[in-house]
1. Let me spell out the model: positive unit charges on the Cβ of Lys and Arg, negative unit charges on the Cβ of Asp and Glu, origin at the Cα centre of the chain. What dipole size does that give, in debye rounded to 20?
2. Using the basic label-point model (7 angstrom from Cα toward the beta carbon), what is the Lys119 to Lys13 distance in nanometres?
3. Quote to one decimal, in nm, the extra length available between Tyr99 and His136 on full extension: 0.36 nm per residue of separation minus the C-alpha distance between them.
4. Once fully extended, how much extra length lies between Lys91 and Leu3, figured as 0.36 nm per residue of separation less the alpha-carbon to alpha-carbon distance?
5. Once phi is turned into θ = phi - 60°, what whole-Hz ³J(HN,Hα) does the Karplus curve with 6.51, -1.76 and 1.60 give for every residue of the stretch 54-69, x standing for Gly and Pro?
6. Going by a ≥ b ≥ c, the root eigenvalues of the Cα gyration tensor, does the chain fall in the rounded group (a/c under 1.5), the prolate group (a/b larger than b/c) or the oblate group?
7. Using +1 at the C-beta of Lys and Arg and -1 at the C-beta of Asp and Glu, which of Ile76, Leu63, Leu134 has the Cα lying farthest in the positive direction of the dipole of the chain?
8. Go through Ala27, Tyr99, Ala113 and say which Cα lies farthest out towards the positive end of the charge dipole of the chain; charges sit on Cβ, +1 for Lys and Arg, -1 for Asp and Glu.
Amino acid sequence: MGLFSFAKSIGKKLGFGDDEEEPKVEAIEKELASHNLGTDDVKVEIVGNKAVLKGKVADQATLEKAIVAVGNTLGIAEVETAVEVDDAPDKAEKEPVFYTVKKGDNLWKIAEAHYGKGKGAKHDVIFEANKPMLSHPDKIYPGQVLRIPALD
């Protein structure tokens, strides 16, 4: 079980009303389903500005993508997880690595910061790890949270 922080005032607006209104479960679940991540067995609960994910996913990457997809939604400040991971030996979640984009960042700089100097070309690994939430490598914004996968 994990608890992950996000910027409540930054992210995709799902059309649930004005900025002060609490996000709706239906809108969050529809957004999650729209990415076709394999999260059919994940249910969302909203408690204030926190989204709670419960259920089961096939692998750790799917769990991390679900956290990012839900957390990068306007009005969500935290994502809490209680999700079973099928391919994990103990069915438990592993601690993911996330990065919050800062002004002036690009995927090349983020790759070098996480993977080491001279490894900026690994930016495509970060981009691929955040698809389909990212549609283009240049379309990141300050406050957005990205998952940073380990290099093989």
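1. So the magnitude is around 620 debye.
2. A separation of 3.9 nm, rounded to one decimal place.
3. 11.6 nm
4. Residue separation times 0.36 nm, minus the Cα-Cα distance, leaves 29.9 nm.
5. 9, x, 9, 10, 6, 8, 4, 4, 5, 4, 4, 5, 5, 4, 5, 4
6. oblate
7. Looking along the dipole axis, the top candidate is Leu134.
8. The listed residue farthest towards the positive side: Ala113.
FYI, it's all coordinate maths here, none of it is from the lab. Predicted model, so just to flag it, every value in this text is computed and none were measured. Please note: Cβ atoms are built from the backbone with ideal geometry, for glycine as well, and neighbour counts cover all protein chains shown.
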